[in-house]
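Written below as structure tokens is the structure these notes are about.
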Amino acid sequence: MATSLRAAALAVLGTASLWLLASQVLRTSPVLAVSLGDMADKAAADLDAVPGLLAIGFYIVGAAVAGFGLLKLKRHVDHPQQTTLGSGLIAILIGVALIAAPAVINGLSDTFGLGGAVQTVSRPRL
């Protein structure tokens, strides 16, 4: 008896939660952008975050590759005949290069006047 009451209560709660979720999803909101130009400006503003995301990706992958290189060095210390010293050192160097890549790219873009300079081409207003 208690099991059937519990199952019925769960069914009612499940139906109520689905109804609440559907009402939130299907609720129509007013259009936020007035024109196509506003939508293009919003999309261009969203693209400003891409370089930061790429830099974070370089840091994460670089740290992973450097950690893998450290594991290869430990494996070389434990079993010198099976793992070469060079494979661990190369992996560490690649990891360090990936970690340093965002700083190098920013330095080069500042050197050649590509970063932070006044843009001569503006976005067209649609």
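At a glance:
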quantity	calculated
Gain upon complete extension [Ile90, Met39; 0.36 nm per residue less C-alpha separation]	13.7 nm
18 Å reach of a label modelled at Ser109, 7 Å along Cα-to-Cβ, counting backbone N of the stretch 48-82	48-60
Å² per residue, accessible surface of the stretch 43-105 at 1.4 Å	68 Å²
Net charge contributed by nearby residues that have their C-beta within less than 15 Å of Ala49 (K/R +1, D/E -1)	-2
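The values are calculated or read from the model by the stated rules, or taken from the named source; none is laboratory data. These figures come from a predicted structure and were not determined experimentally. We place every Cβ from the backbone using ideal geometry, glycine too, and count neighbours over all the protein chains shown. To get the accessible areas, we keep the full protein, side chains included, count just its heavy atoms, and leave off ligands, DNA and RNA. Shrake-Rupley method; radii C 1.70, N 1.55, O 1.52, S 1.80 Å.
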